[in-house]
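Visitor: First the structure, then my questions, so here it is.
The values are calculated or read from the model by the stated rules, or taken from the named source; none is laboratory data. Since the model is a prediction, treat every value here as computed from it, not as a measurement. No Cβ is skipped: glycine too gets one built from the backbone with ideal geometry, and neighbour counts run over all protein chains shown.
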Amino acid sequence: MEIFETCQEINGLLSVRNEMAARNLLVRLLAELDRTNTPYPHVVNHMIRATGLFPYLQLESASWDEKYVHRAF
């Protein structure tokens, strides 16, 4: 699964307000990244935040505002 192409697809789903499909695709991407032990690129943390799946933020690669949102959640 290509990370950036998948994030682009997730963003497209979010832009047409198909949040459920975007979350499902993101969860599959996260499972693949975990399976291959791949650190999340910043764009993946952004997609996590955009879909509201805050518990899945990878804090090691998160920006300060993503860390704040994670802590607040």
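Visitor: Please go through the range 1-23 and pick out each residue that is surrounded by 14 or more Cβ atoms within 10 Å (Cβ to Cβ) and without any contact (Cβ under 8 Å) to a residue 24 or more places away in the chain.
Guide: Thr6, Glu9, Leu13, Asn18, Ala21
Visitor: A follow-up question, please. Would you mention how many residues in the range 24-52 are surrounded by fewer than 16 Cβ atoms within 10 Å (Cβ to Cβ) and part of a loop (DSSP other than H, G, I, E, B)?
Guide: 6
Visitor: Restricting attention to the range 53-73, and to residues there that are modelled with pLDDT under 75, buried (at least 18 other Cβ atoms within 10 Å of the Cβ) and not charged (D, E, K, R), which single residue is farthest from Glu9 (Cα to Cα)?
Guide: Among those that are modelled with pLDDT under 75, buried (at least 18 other Cβ atoms within 10 Å of the Cβ) and not charged (D, E, K, R), it is His70.
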